[in-house]
1. Roughly what angle does helix 25-50 make with the longest principal axis of the chain, taking Cα atoms, 0 to 90 degrees, to the nearest 10?
2. For the cross-link pairs Lys67/Lys157; Lys167/Lys231; Lys292/Lys360; Lys268/Lys360, which exceed 30 Å when the distance is taken from alpha carbon to alpha carbon?
3. Under a point spin-label approximation (7 Å from Cα along Cα-to-Cβ), what is the Lys398-Lys188 distance to one decimal in nm?
4. Quick check: pseudo-label points 7 Å beyond the Cα along Cα→Cβ at Asp155 and Glu346, how many nm apart are they?
5. Could you pull out every Cys in the chain that lacks a partner Cys with its beta carbon under 4.7 Å away?
6. What range in the chain is the longest one free of GluC sites (Glu not before Pro) that are in a loop by DSSP and have at most 12 other Cβ atoms within 10 angstrom?
7. If you compute Kirkwood radius over Cα pairs in Å for the structure shown, which of [x] 21.2; [y] 27.7; [z] 21.8 do you land on?
8. Among Ile252, Gly207, Gln335, pick out the residue whose Cα is farthest towards the positive end of the charge dipole of the chain, where Lys and Arg carry +1 and Asp and Glu carry -1 on C-beta, about the Cα centre.
Amino acid sequence: MGRGPSILRFDAFSKTVDDARIKTTSGGILTLVCILTTLLLLINEYTDYSRIVTRPELVVDRDRHKKLEINLDISFQNMPCDLLTMDIMDQSGDMQLDLLSSGFSKIRLDRQGNEIGQENMRVNQEFALTSSDPTYCGSCYGAADQSRNDELPQDQKVCCNSCESVKQAYARNAWKFYDGKDIEQCEKEGYVDRINARLDEGCRVRGTAEIARIGGNLHFAPGSSMNFNEKHVHDLSLYDMHSNKFNFDHTINHFSFGLDDHSVADYKTTHPLDATTHRDGRKYHVYSYFLKVVNTRYEFLDGRKVETNQFSATQHDRPFRGGRDEDHPNTIHAQGGLPGVFFHFEISPLKIINREQYNKTWSAFALGACAAISGVLTVFTLLDRTIWAANRMLKDKKDT
């Protein structure tokens, strides 16, 4: 009873007529609960109002005329850098062959994956005799027509003055080059000794390539690439020469499209292949990744805009021998193919714009706050009147 008068002062629910002058303990308690409930609802409304959300919008991609960058960093544990080739082919028929010869860095790896050293991707040292004999014209060993060289001036002769030029001449004819043994230019340049000394190494490739925004594929394969009889083929002579060496076990350290801005990167959608590893130890095996790329722009509250790309990835690998899958007997693989790692990409014609916005506008916050206050007051007013009426009814029954 001692606490009754102090609670009475908090009764905010005025009673009509005579009841309006009466303050009750229950009314004071309800008033305190009403104030706390209203404060909680107002805090919740403000938190919801100030919360920053990202709202996506799907539009037609108007930037399809621009080039698309591919950023990659891939380690091959059992493929020496001298044997590795990377090509890009798109659906329009355009091809970019042997991209590893420019714009990329290669890092030699030992068997434990430790870095040995970095060097220029292109080995194109001129044969030593050219510096001492200006009339020297190296043999192409039948890979190019040199029958008219005696009739032509020096600057018009067909010559193979370096190991690389002989290798390219062999590739144009789809001849097997092996390790360049018994080719004078390769022996003099030290190519034969170098490539045989590195057979047990691995290679890490890093760099950026540009492609048109149309579908195609990027692939890593062994040996020089060439187009022969309207087919894209690789010289597998050195790869086949050593039956107990080489395979395409690999680790994708990083793979992304477009601007690589880590401040906005959602790694589940912009870097889904990062840290992907395959170590099966199979020599004649092909690894395929099927990518669906969507151009994406992030717009921030501070006015900053970042252009990048999201993509999904599906993986598949199979042996060349074909036949039934060991793990899934109902699956029958195709036979043949090219050993390597293939990235098949499909570019979406749509674009996603992710805009940062406040979850609510100021007017929505004001409306929600008013609704919370009026709703709480109405509910607790009805509750107080119900309790008051019930108490009066019980009191009247006792008096009678």
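We did not get these values from a lab; they are worked out from the coordinates using the rules stated. What you are looking at is a predicted structure, and each value in this text was computed from that prediction instead of being measured. So basically every Cβ, Gly included, is an ideal-geometry build from the backbone, and we count neighbours across all protein chains shown.
1. Helix 25-50 sits roughly 20 degrees off the main axis of the chain.
2. On the way: Lys67/Lys157 38 Å; Lys167/Lys231 19 Å; Lys292/Lys360 33 Å; Lys268/Lys360 27 Å.
Result: Lys67/Lys157; Lys292/Lys360 exceed 30 Å.
3. 12.1 nm
4. Inter-label distance under the simple model: 5.2 nm.
5. Cys34, Cys370
6. Details: sites that count: Glu230, Glu326.
The answer is 1-229.
7. Among [x] 21.2; [y] 27.7; [z] 21.8, the one calculated here is [y].
8. Checked the options; the winner is Ile252.
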